[in-house]
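*Asks:* Let me give you the structure first, and then I'll get to my questions.
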Amino acid sequence: MMETDDAWLVMPLYNEAEVIGGVVSSARASFRKVICVDDGSSDDSAAIAEDAGAVVVRHPINLGQGAALQTGFDYALQDPQMVYLVTFDADGQHQVNDVVAMLARIRRGDVEVVFGSRFLDDRSRPSALKRAVLRMAVAYTNLTTGTRLTDAHNGLRVLHRSVVERLDITQNRMAHASEIVAQIGAMRFDDRPVRYVEEPVHVLYTDYTRAKGQSLWNTVNILAELIWR
């Protein structure tokens, strides 16, 4: 098994009691350091995540996914061993084996960021309309950030510590994904920009994940937030 003590998985968590135990247990089979940031859940999500082995940090009220990620970043940065940080959704849509592959990719040392993309192979199967709306969001993000991505709103990313130290998320709702891309696109290390690459990942669409945030309406909201933020 790959050595992962230098990596933290950060999961924003909000009312995922039905699945979070399995998600955390699956992640901890490969990664010892998992933090769930409970964003004001009204169910037993935090307790279940903690019982499954995650470190849990709690927001007293719901602040949004962007705020939960920033809290997770701040916590992980307290660990001097942390070199790589993974952002990972708590609803079961992301696959741990994809994280392992992305971590192996960043360890080559020629990039500081690995973005997951559901559009580089045919494993993920969003509806045609959802795919079209996501493509519009990608086009807008690429136009406004100067980046070139195929999937700007995938929550699965691997970031080098040097990038995490410079991120400052202020968009708490869904527009935070584009804010992360924009900040990474604007970062420079001495005389060069941040180096990034995309890796194919499998986003698993189920009735549960669609109900929790993968619906077409949620995708439209993302696009609206980008344009009118």
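*Asks:* In region 149-190, which residues are charged (D, E, K, R), at pLDDT 85 or above, more than 20 Å from HIS202 (Cβ to Cβ) and not in a helix (DSSP H, G or I)?
*Replies:* Answer for region 149-190, where residues must be charged (D, E, K, R), at pLDDT 85 or above, more than 20 Å from HIS202 (Cβ to Cβ) and not in a helix (DSSP H, G or I): GLU165, ARG166, ASP168, ARG188, ASP190.
*Asks:* Being outside any loop (DSSP other than H, G, I, E, B) and modelled with pLDDT under 90 is the filter here, so list the residues in region 191-209 that pass it.
*Replies:* Within region 191-209, ASP207, TYR208, THR209 qualify.
*Asks:* Among the residues of region 91-124, how many are touching a Phe, Trp or Tyr at 6+ places or on another chain (Cβ under 8 Å), part of a loop (DSSP other than H, G, I, E, B) and hydrophobic (A, V, I, L, M, F, W, C)?
*Replies:* Residues meeting the conditions: 1.
*Asks:* State whether the residues of region 60-67 include one that is crowded, with 19+ Cβ neighbours inside 10 Å, modelled with pLDDT of 95 or more and more than 22 Å from THR209 (Cα to Cα).
*Replies:* Looking for residues that are crowded, with 19+ Cβ neighbours inside 10 Å, modelled with pLDDT of 95 or more and more than 22 Å from THR209 (Cα to Cα), one finds none in region 60-67, hence no.
*Asks:* I need the full set of residues from region 1-44 which are in a helix (DSSP H, G or I), crowded, with 24+ Cβ neighbours inside 10 Å and out of contact with any Ser or Thr (no Cβ under 6 Å at 6 or more places or on another chain), in order please.
*Replies:* Within region 1-44, VAL23, VAL24, ALA27 qualify.
*Asks:* Another question, then. Mind listing whichever residues of region 45-55 are touching a residue at least 24 places away in the same chain (Cβ under 8 Å) and either assigned to a strand (DSSP E or B) or crowded, with 21+ Cβ neighbours inside 10 Å (or both)?
*Replies:* SER45, ALA46, ILE48, ALA49, ALA54
*Asks:* Here's a follow-up. Let me confirm something: among ASP122, ASP91, ASP110, which residue is closer than 24 Å to SER178 by Cα and under 15 Å from the mean Cα position of the chain (by Cα)?
*Replies:* Among ASP122, ASP91, ASP110, only ASP91 is closer than 24 Å to SER178 by Cα and under 15 Å from the mean Cα position of the chain (by Cα).
*Asks:* Please count how many residues of region 77-90 are among the hydroxyl-bearing types (Ser, Thr, Tyr) and in a loop (DSSP other than H, G, I, E, B).
*Replies:* Looking only at that region, the number is 0.
*Asks:* When you scan region 38-52, do you find a residue that is closer than 23 Å to ILE106 by Cβ and in contact with a strand residue (DSSP E or B) (Cβ under 8 Å, 6 or more places away or on another chain), even just one?
*Replies:* Scanning region 38-52, I find no residue that is closer than 23 Å to ILE106 by Cβ and in contact with a strand residue (DSSP E or B) (Cβ under 8 Å, 6 or more places away or on another chain), so the answer is no.
The values are calculated or read from the model by the stated rules, or taken from the named source; none is laboratory data. Being a predicted model, the structure only gives us computed values, none of them experimental. Quick reminder, even Gly has a Cβ in these numbers, built from the backbone with ideal geometry, and neighbours come from all protein chains shown.
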